[in-house]
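Each reported figure results from applying straightforward, stated rules to the coordinates on display, with no laboratory input. These figures come from a predicted structure and were not determined experimentally. Here the Cβ positions follow ideal geometry from the backbone for every residue, glycine too, while neighbour counts run over all protein chains shown.
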């Protein structure tokens, strides 16, 4: 299963010095990180601001949660299960056929 993770560095309510310390701690922690066993990172992107996106894949959602949990102390995260658009279109087409048949009969 694929998951899109949106992350934003938490900075609201922090002083200038706290924000600097937070950023230093995050960079230090991230430099120690390697992907968990069972986690494939397809894309790790910055939004050119205070966050970004990570497209990951794992058979076990606990692996994705373990990854997110490591950076929860510095970042706000949103984790959304996703599928390839071709699969979504195929599902939508099948659902449309089903709905049309259900209304006919």
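Annotation: extensible slack from residue 53 through residue 2 equals 17.1 nm (criterion: 0.36 nm per residue apart, minus Cα-Cα distance). With r defined as the distance between the Cβ atoms of residue 19 and residue 62 and R0 fixed at 30 Å, what FRET efficiency is calculated, to the nearest 0.05? Result of the calculation: an efficiency of 0.40. Counting neighbouring beta carbons within 10 Å and listing from fewest to most, the residues 5, 79, 27 come out as 27, 79, 5. Per-residue ellipticity at 222 nm for the chain, helices alone: DSSP H runs ≥ 4 residues times -39500 (n - 2.57), over residue total, nearest 500 deg cm²/dmol? Calculated at 222 nm, the ellipticity per residue is -15000 deg cm²/dmol.
The modelled label-to-label distance for the pair residue 94/residue 82, using points 7 Å beyond Cα in the direction of Cβ, is 2.2 nm. Evaluated at q = 0.12, 0.13, 0.18 Å⁻¹, a Debye calculation over the C-alpha positions of the chain (equal weights, vacuum) places log10 I(q)/I(0) at -0.54, -0.60, -0.90.
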